[in-house]
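Contents: one structure, followed by commentary.
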Amino acid sequence: MGRHGGETIIKKYANRRLYNTGTSTYVTLEDLAKMVKRGEEFKVQDAKTSEDITHAVLTQIIVEQEAKTGNTLLPTAFLRQLISYYGDQMQMVVPTFLEHSMKTFSEQQSHMQEHMSKSFGDPSLTKNFSAPFQLMEEQIKRNTELFKQTMQMFTPFAAPASTPKEQRKPDASEIDELKAQLRNLQTKLDQL
């Protein structure tokens with residue numbers, strides 16, 4: 001009775017109390033946060049109207065988590081950018097993009113954690129110090145590229161980027177300097 005299509009139904013009453021129909025107990029936002037972390041699916045319904053208010057409650061959980069911890073998960077710049085999309089023509093695209101990005105990030109998470117434990121857990125593997133950060137950097141690049149492609153889909157008539165008139169090739173001294181900088185960086189990483 002307390003589950004619907006694999007989801008637990010949480011009823012929210014007028015007194016703001018939350019009732020888990022699966023366990024027949026009252027729960028808090030903290031309990032719901034724990035359910036999310038355990039991967040338990042649930043839907044929050046207004047007890048009076050049966051309206052689906054899951055989105056609002058999840059947003060409330062995020063606000064509460066951000067207030068409780070000193071380490072905020074959502075950077076201020078990201079929040080500003082997100083707010084700027086409300087009412088914008090891109091409003092419909094942003095949720096899909098963010099959902100895809102988070103899904104991809106989650107899939108990469110265990111891979112990153114494995115690299116982290118190898119890099120920091122075993123002193124003999126300090127040469128792999130930069131591996132997790134390279135993975136994150138690659139993920140950011142992929143997400144940025146995906147976002148650019150999405151933007152192009154919705155702005156097909158945008159003027160193409162102007163091609164540079166002439167690309168100057170770096171001379172030998174510049175290449176040598178770059179190689180030296182890379183060697184110095186690698187030496188510093190090896191010493192960590």
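Annotations
- The one condition from (1) in a helix (DSSP H, G or I); (2) more than 30 Å from K141 (Cβ to Cβ); (3) open to solvent by 70 Å² or more (accessible area, probe 1.4 Å) that Q60 does not meet is (3).
- Checking each residue in the range 4-54 for being within 26 Å of S106 (Cα to Cα) and either in contact with a Gly (Cβ under 7 Å, 6 or more places away or on another chain) or of a type in the set (A, V, I, L, M) (or both) picks out T8, I9, I10, L29, L32, A33, M35, V36, E41, V44, I53.
- Residue that is least open to solvent (accessible area, probe 1.4 Å), among those in the range 1-16 that are hydrophobic (A, V, I, L, M, F, W, C) and either over 18 Å from H55 (Cβ atoms) or at pLDDT below 60 (or both): A14
- Restricting the range 3-54 to residues that are assigned to a loop (DSSP other than H, G, I, E, B) and of a type in the set (A, V, I, L, M), the residue that is farthest from K68 (Cα to Cα): A47
- Residue match in the range 18-33 (condition: within 19 Å of M102 (Cα to Cα), open to solvent by 60 Å² or more (accessible area, probe 1.4 Å) and among the hydrophobic types (A, V, I, L, M, F, W, C)): no
- Residue count, the range 70-95 (criterion: without any contact (Cβ under 8 Å) to a residue 24 or more places away in the chain and assigned to a helix (DSSP H, G or I)): 14
- Those residues of the range 34-55 which are open to solvent by 60 Å² or more (accessible area, probe 1.4 Å) and at negative phi, in sequence order: K34, V36, K37, R38, E40, E41, K48, T49, E51, D52, H55
- Boolean, F97 is among the aromatic types (F, W, Y) and closer than 24 Å to A33 by Cβ: no
The values are calculated or read from the model by the stated rules, or taken from the named source; none is laboratory data. Note that the structure is predicted; figures quoted are calculated from it, not measured. Cβ: placed from backbone, ideal geometry, glycine included. Neighbour counts: every protein chain shown. Accessible surface is based on the protein model in full, side chains and every heavy atom, while ligands, DNA and RNA are left aside. Shrake-Rupley method; radii C 1.70, N 1.55, O 1.52, S 1.80 Å.
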